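Every number in this text was worked out from the coordinates using simple rules, so none of it is lab data. These numbers come from a predicted model, not from an experiment. Ideal geometry is used to build each Cβ from the backbone, glycine not excepted, and the neighbour counts take in all protein chains shown.
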Amino acid sequence: MFFSKQISYLGVDLGAHGIKLVEMKKEKNRPVLFTYGSSFEKKNIHRLFSASERSMDDLAQIKTSPVGKEMKMIENPQAQDPAQVENYASELRAVCKMCKTVSKAATASLPISAVFHTVINLPQMDKKEFDAVLKAEVKKLLPLPIDEMALDYQIINNGSKNQKVIVNAVSKKLVTFYTQVFTKAGLTLEALEPESVALARSLIGRDNAVTMLIDMGAERTNFFIVDQGAPITHHSLTLGGNKIDAILQKALGVKVEEIEQIKMDLFRYHLGNGKNSLEKEKFLNLLHPVLDPVVKQIEYGFDVYLRQAGNEEKRPEKIILTGGAAKIPYLAQFLSDKFQMRCFLGDPWARSVHQEKLKPVLNEIGPRMAVAIGLALRKIV
């Protein structure tokens, strides 16, 4: 008998609400779910390398403004604390042990707030000249000196007179921190990807339609426009599941520890009956402090995208929701009515093979695991 060695890939999302992990095995060129798991200890990795609440993109905009030319990014003192590395490494080891992972090679996500993102339009030119011109253009925009940042870029719309270049950059110190965490956890960090890239892979795949992806996490809600499978724009709001929890806790008069179960019950009841124990309008009005900023950010994101050169005639076709806070009853229908386009909760498991009996559990945790799933799929799809 001859057996081929199965190859597996590990995706690790170090999110604000704990570590999410997914391992996929490659069988007959298809991704097959091997194991998954998560922790629930709150993390602040996106704040480790900035004492500010602002994202890298915010800091870059301040730097290029007249009043911000002398602005410097203030590093959080905790970033140099070896105990922080061990803290993350020990939790990652514990999750791997609990899930009984096999692979030692991992791909991890970079929090959007830690990633500088821009799109640059350049004329066609040879490779040697291109690198120098791109570096000169990006250098003007970065929030940190270019020697302190690791850069990655992707060219799209190639073949015309101009080429659109998507640039992502991250602090080299953050890259070092991640590498140390994974090494101490007994893993090899093969690659780092922005959350947006992993989400596009798990939720959109090869679909070339212009899509708005909304990732509602515990502390932040991120908005991405994906075109031809590549995230083109992204913006963030500092609000998410924690804000929703606070509103529900105050309205329902319950304890903090009861909120998570109440949200799960509300979502299940909403799916099963098309109704909610709270009237629809009352429920949506209750969440107005969250929904109103979300609507305005979607409008702003579409406006920014359609103003970019070459996008004037394009039209967004759908909105996909993901993240732990995205399962709010009525949210998808509310946004669909507001923007007159399809809006739905994405299924990150749709591009992988898994046991049928796991579907109810996977559907429930899917929005929280979407980034880790996309990372695990990186070398398979």
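Miscellaneous remarks
- Among the trypsin sites (Lys or Arg not before Pro) in the stretch 289-332, those placed in a DSSP loop whose Cβ has at most 15 other Cβ atoms within 10 Å are LYS314.
- At most 13 other Cβ within 10 Å, DSSP loop - GluC sites (Glu not before Pro), the stretch 312-376: GLU312, GLU313, GLU317
- Were the residues from THR238 through LYS280 laid out at 0.36 nm apart, the gain over their Cα-Cα distance would be 12.6 nm.
- When the pairs LYS128/LYS318; LYS97/LYS173; LYS25/LYS314; LYS127/LYS314; LYS26/LYS338 are compared against a 32 Å limit on Cα-Cα distance, LYS128/LYS318; LYS25/LYS314; LYS26/LYS338 fall above it.
- Around the amide H of ILE7, modelled in the peptide plane, lie the amide H atoms of LYS26, all under 5 Å away and 5 or more residues distant in sequence or on another chain.
- Extension gain, ASP131 to LYS42: 0.36 nm times the residue separation minus the Cα-Cα distance gives 28.0 nm.
- Distances between placed amide hydrogens fall under 5 Å for LEU287 paired with no residue 5 or more residues away or on another chain.
- Loop chymotrypsin sites (Phe, Trp or Tyr not before Pro), the stretch 130-238, which have at most 10 other Cβ atoms in a 10 Å radius of their Cβ (DSSP): none
- Applying 0.36 nm per residue to the separation of GLN261 and LEU358 and subtracting their alpha-carbon distance, the gain on full extension is 32.9 nm.
- Estimated FRET transfer efficiency (ILE247, SER336; beta-carbon r; R0 22 Å; 0.05): 0.50
- Candidate aspartates and glutamates for bridging to LYS100, where Cα separation is under 16 Å - those fewer than 8 sequence places away on the same chain excluded: GLU23, GLU91
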